[in-house]
1. State yes or no: is B:Val110 more than 14 Å from chain A (Cβ to nearest Cβ), in contact with a Leu (Cβ under 7 Å, 6 or more places away or on another chain) and assigned to a helix (DSSP H, G or I)?
2. Any idea which of A:Leu16, A:Leu24, A:Leu85 is of a type in the set (A, V, I, L, M, F, W, C) and either modelled with pLDDT of 95 or more or surrounded by 19 or more Cβ atoms within 10 Å (Cβ to Cβ) (or both)?
3. Restrict the check to segment B:57-65 and report whether at least one residue is surrounded by fewer than 17 Cβ atoms within 10 Å (Cβ to Cβ) and over 16 Å from B:Ala149 (Cα atoms).
4. Within segment B:49-71, can one find any residue that is within 14 Å of another protein chain (Cβ to nearest Cβ), in contact with a Phe, Trp or Tyr (Cβ under 7 Å, 6 or more places away or on another chain) and of a type outside the set (Ser, Thr, Tyr)?
5. In segment B:16-34, what residues are hydrophobic (A, V, I, L, M, F, W, C) and either at positive phi or facing chain A (nearest Cβ under 9 Å) (or both)?
6. Of the conditions (1) surrounded by fewer than 22 Cβ atoms within 10 Å (Cβ to Cβ); (2) modelled with pLDDT of 95 or more; (3) out of contact with any Leu (no Cβ under 9 Å at 6 or more places or on another chain), A:Ala74 satisfies every one except a single condition; which number is it?
7. With the structure loaded, tell me whether B:Leu138 is modelled with pLDDT of 95 or more, under 20 Å from B:Leu235 (Cα atoms) and not small (Gly, Ala, Ser) or whether it fails that test.
8. Examine segment A:28-50 for a residue that is surrounded by 15 or more Cβ atoms within 10 Å (Cβ to Cβ), of a type in the set (S, T, N, Q) and closer than 20 Å to A:Lys150 by Cα, and state whether such a residue exists.
Amino acid sequence: MAALHITDIKKRYQALQALGGVSLAIEEGEFFGLLGPNGAGKTTLISIIAGLNRADSGNVTIHGHDVVSDYRAARMKLGVVPQELVFDPFFTVRETLRMQSGYFGLKNNDKWIDEVMANLDLTGKADTNMRALSGGMKRRVLVAQALVHKPPVIVLDEPTAGVDVELRQTLWKFIGRLNREGHTIVLTTHYLEEAQALCNRIAMLKSGKVVALDSTEGLIRHISGSQLVLRLKHGSLPDGLKPLVSHPAELADGNQYTLRVTDYTQVEPILAALREAGVALDDMQLQQADLEDVFIQIMGGAQ
Amino acid sequence: MTGFQTLFYKEILRFWKVATQTVTAPILTALLYLLIFGHVLQDHVQVYPGVQYTGFLVPGLVMMSVLQNAFANSSSSLIQSKITGNLVFVLLTPLSHWELFAGYVLAAVVRGLIVGAGVFVVTVWFGHLDFVAPLWILVFALMGAAILATLGLIAGIWAEKFDQLAAFQNFLIVPLTFLAGVFYSIHSLPPFWQAVSHFNPFFYMIDGFRYGFFGQSDVNPLTSLGIVGVFLVVLATLAVRMLRSGYKLRAGSH
């Protein structure tokens, strides 16, 4: 049974088709990335999963519980860190966390609350009013609130937008630990290097549709391949290699060419072709594509 | 604690932390009404035979405070949470629509009753009161508070901005309370306005409440109880339906 099963979710806001039939199955224990440009539908999808929004059609189950018809059981299994930095100005950090815990029917949860606070470096602020906290500290509380009931599925909607390096490291250390302990993590972020480092599988969303879905390495390997950058000492690029050049402008000027290669075995024939043509190399680099290249390629291609 | 108990406790704590504004201030306001109106009208108006005006005024002011504060609590809590965005913390939880309804309404009832009790304690010394039927006092105070708490919940869900809520309060709640016979008996009104007053549900809450003190009222208290009861059931049904559908709380809900 998938931790999160999303089946053909459609959502329209008047003229805008926010989600045009999204289906995803996220297995238990995955660290799953949900990427896409602003307006792609990521937050709408998360809101539907969390019951903050209702889909026009389709359904979502969390550990087998439908988020509409069986919402109580579904929400017990889900922790959501919202994108907006919201807080209740009436209460201290500890009161906030105790109450969030109580909403889930948990009594005597102080041991876990203390542990969550310690892991997010909040212990020193436990009795501080929410209003008196810095933005970064409020963000930590927001994360802690999502975790008070130890949900098996944790959704983080751009948790690191505008936060400093220290919090990012603290957060990923703790979330990484939870993931290793079996919690399923769903992350949306604009920091692609973060997604590349953390997620084992990624879906890319564009205009309300899934345009790519694969393991992180798979996406990088299959979609983009690698790049071989050649700088020639003299001579010009043999005609046989010109179709591999990824930036046509390079053919017109200069002596540096970026060639697309799918794997290392292609390198030797390229060098052989250069030798045959009597072209000498000044410099050569083999660059691995990263998630950003994949992202740009997919978002540019899938119109 | 269960989810409902937590929400109830949170709502109590929310107003208690700012009790100067939510409890003390309305008690002082009611005391001022009593001093001013009592002083001006004491020797000029006799509403019921054998009942002095100040004595008549005390239950009216107590009930007015109960009603207005019950409304203020649920409505301001909802609108503040909506506008600051922290309502999401409640919406993400497994709390059912019944629990949400009970949590918000009961906490608002408690605030209404605390303020009402406070007003009673500071004003009771100014006029002679009998306690002819204490059970009626309690029943009408509870039902009146529950009705206004529910109206506050509905207004808080419906309003998207503070000024919409203020309009609801200033153009509906305040006139209906003031015109419900807090300061006068409707028998002192011309027949037309007497008839109009019978369409104001707030009138029955105050009239029934006052009956508990004096054993005299403009309308039979059983009739008032029936009307107030029906009004409560209708409003509660509406509020629970709004919460169940997610109307204006969960985007895209109908």
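1. no
2. A:Leu24
3. Within segment B:57-65, none of the residues are surrounded by fewer than 17 Cβ atoms within 10 Å (Cβ to Cβ) and over 16 Å from B:Ala149 (Cα atoms).
4. No: zero hits.
5. Answer for segment B:16-34, where residues must be hydrophobic (A, V, I, L, M, F, W, C) and either at positive phi or facing chain A (nearest Cβ under 9 Å) (or both): just B:Val18.
6. The one condition A:Ala74 does not meet is (1).
7. no
8. So far as segment A:28-50 goes, yes, one or more of its residues are surrounded by 15 or more Cβ atoms within 10 Å (Cβ to Cβ), of a type in the set (S, T, N, Q) and closer than 20 Å to A:Lys150 by Cα.
The values are calculated or read from the model by the stated rules, or taken from the named source; none is laboratory data. This is a predicted model, so every value here is computed, not measured. Methodologically, a virtual Cβ is constructed for each residue, glycine included, from the backbone with ideal geometry; neighbour enumeration extends over all protein chains shown.
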